[in-house]
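**Q** Got a structure here, written out as structure tokens. Questions coming.
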Amino acid sequence: MDQLTIEGGHRLRGNIRVSGAKNAALPVLAATLLTGGTFSIRNLPRLRDIYTFKRLLTDLGVTIEETDASTDRNAPVLEVDSTSLKSYEAPYDLVRTMRASILVLGPLLARSGRARVSLPGGCAIGARPIDLHLKGLELMGARLKLREGYVDAKARRLKGAQIYLDIPSVTGTENLMMAASLAKGTTIIKNAAREPEIVSLGEMLNKMGAKIRGLGSDTLTIEGVDDLSPVDWEIMPDRIETGTFMMAVGASGGELILDGCMPDHLQAVISKLRSTGLKIDISGRSISVSKKGQLKSVDIKTAPYPGFPTDLQAQIMVLMALSGGLSVITETIFENRFMHVAELRRLGANINVEGRSAIIKGVKDLKGAPVMATDLRASACLVLAGLAAKGTTTISRVYHLDRGYEKIEEKLSRVGAKILREKTGQLF
């Protein structure tokens, strides 16, 4: 098992190119199951979750070849051909580590009329039930059974339906949107999630021949078609990685220019960070972030897009722990996403949790200590805390980090951080 050792107190200065978005890449890979032929996918990040999803597709019979890297991003180009599917089952061994594996359910059912998918795993940050996916598919005519930890779904052909999502689930919206693309008739999804990754998936599906209207709104109208065609597609930049590096400047000081990002996707984040005192300038697809003086405290409440993203809640907590006052962070999306608080306290943060809110009193500085990552975004939070802390911080269980950040220690090292990845020899 790997660990990261960080010597804190070094300012960041330089340029970082943002990688492709994991949360956009996974549904794009799932969408390749909707039709035969070869897809060409560019700007795919090199991440543990991407590797796992590729293994899942291969297990289903998909042929995947990696060609030369993109010239400007050093990211591989993936040739994906799902012409000859040999299975409709996504087994437990592959699904248990990654919740996004449930995204194969809709495409497999829509194309093959059958899907058997293990109930998913992933970060232990909340229940995140898949009942919204299942209820939507049932409304579209699917016959579902839950047995032995699997969802077993059958449908000769899905039919258009009116679907209302009790909460704007991202993966639920994506799964149902993909399934509806090949359904007979028109499907309307109300209270749909609006995240940029969903818009990107919808644009890809439309390029494939789907008929989806309302992208970016909370109501999607999908007119089903008989068949779709493979396309070339580029994965959008990762807005969560972008936000994490912006907050790294707030934690450590200095100035970074983040290239190849999409500032429009981060309006809520940029507004909050400017309120903390960070100087942020935008030029096209680049963001410049710098810090002068002490951070100011702000209150944050996570919300579905376009609100402040839950995936950046842990990272901004580091900034509030170093701010000049009292702040409150309220988590409205996941009920168990404050597990990083105990680790931040080990570094000297003054944080108390009351229900879904964390009350943070800023301290002068953090002090390095051994800490343990509990989930993907908590891992990034601890990296930022290590950059800010006096002395040395050691972060164990960084396999969580590798699920969503591409070589983060290398990117930070190139701009002045003192951060080293090492093997510990421990299994757990």
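**Q** Counting only C-alpha contacts under 8 Å and six or more residues apart, can you give the relative contact order of the stretch 22-234 as a whole percent?
**A** Rounded, it is 20 percent for the stretch 22-234.
**Q** Also: Can you put Thr393, Thr374, Thr310, Thr219 in order of Cβ neighbours within 10 angstrom, beginning with the fewest?
**A** With the fewest neighbours first, Thr393, Thr374, Thr310, Thr219 line up as Thr219, Thr310, Thr374, Thr393.
**Q** Nearest-5 percent of antiparallel DSSP beta bridges in the chain?
**A** Here the antiparallel bridges make up roughly 75 percent for the chain.
**Q** Further question: Aspartates and glutamates within cross-link reach of Lys86: Cα-Cα under 13 Å, excluding same-chain residues under 8 positions apart?
**A** Counting by Cα, and skipping residues close in sequence, Lys86 has these aspartates and glutamates nearby: Asp59.
**Q** Pull out the extension gain between Leu420 and Leu146, defined as 0.36 nm times the separation in residues minus the alpha carbon to alpha carbon distance; nm, one decimal.
**A** Stretched out fully, the Leu420 to Leu146 stretch lengthens by 94.1 nm.
**Q** Only bridges with both residues in the stretch 22-234 count here: give the DSSP antiparallel percent, nearest 5.
**A** Beta bridges within the stretch 22-234, antiparallel portion: roughly 75 percent.
**Q** If neighbour count is taken as other Cβ atoms inside 10 Å, put Asp259, Asp232 in order from fewest to most.
**A** Lowest to highest Cβ neighbour count: Asp232, Asp259.
**Q** Please work out the FRET efficiency for the pair Glu66 and Ser217, using the Cβ-Cβ distance as r and a Förster radius of 35 Å; give the result to the nearest 0.05.
**A** 0.45
**Q** Quick one: grab the alpha carbon gyration tensor of the stretch 136-234, order the square roots of its eigenvalues as a ≥ b ≥ c, and give me rounded if a/c is under 1.5, else prolate or oblate depending on whether a/b is larger than b/c.
**A** prolate
**Q** With the cut-off at 25 Å, tell me which of the pairs Lys272/Lys364; Lys22/Lys361; Lys301/Lys407; Lys22/Lys159; Lys291/Lys367 have Cα atoms farther apart than that.
**A** Pairs exceeding 25 Å: Lys22/Lys361; Lys301/Lys407; Lys22/Lys159.
**Q** For the chain, return all DSSP H helices satisfying: extent of Cα atoms along own axis at least 15 Å; mean Kyte-Doolittle hydropathy at least 0.0.
**A** Passing helices, by number: 170-181, 196-208, 239-252, 376-388.
**Q** Between Arg13 and Thr83, 0.36 nm times their residue separation minus their Cα-Cα distance comes to what?
**A** Extending this stretch completely gives an extra 20.5 nm.
**Q** Where the centre of each part is set by its Cα atoms, how far does the stretch 320-336 sit from the stretch 1-67, in angstrom?
**A** After rounding, the separation between the Cα centres reads 30 Å.
**Q** Let me make sure I get this right: for the stretch 22-234, a, b and c are the square roots of the gyration tensor eigenvalues over alpha carbons, sorted descending. Under 1.5 in a/c it's rounded, otherwise prolate if a/b > b/c, else oblate. Which is it?
**A** Taking the square roots of the gyration eigenvalues as a ≥ b ≥ c, the stretch 22-234 is rounded.
**Q** While we're on this one: May I ask you to sort Val170, Val151, Val353 by Cβ crowding, counting other Cβ atoms within 10 Å and putting the fewest first?
**A** Val353, Val170, Val151
**Q** According to the square roots a ≥ b ≥ c of the eigenvalues of the Cα gyration tensor, what is the shape class of the chain, taking rounded for a/c under 1.5, prolate for a/b larger than b/c otherwise, and oblate for the remainder?
**A** The shape class here is prolate.
**Q** Here is a follow-up. When only C-alpha pairs under 8 Å and at least 6 residues apart count, what is the relative contact order of the chain, in percent?
**A** About 21 percent, as a whole number.
Only the coordinates and a few stated rules stand behind these numbers; no lab work does. Since this is a predicted model, take the numbers as computed values, not measurements. Glycine gets a Cβ as well: all are built from the backbone with ideal geometry, and neighbour counts include every protein chain shown.
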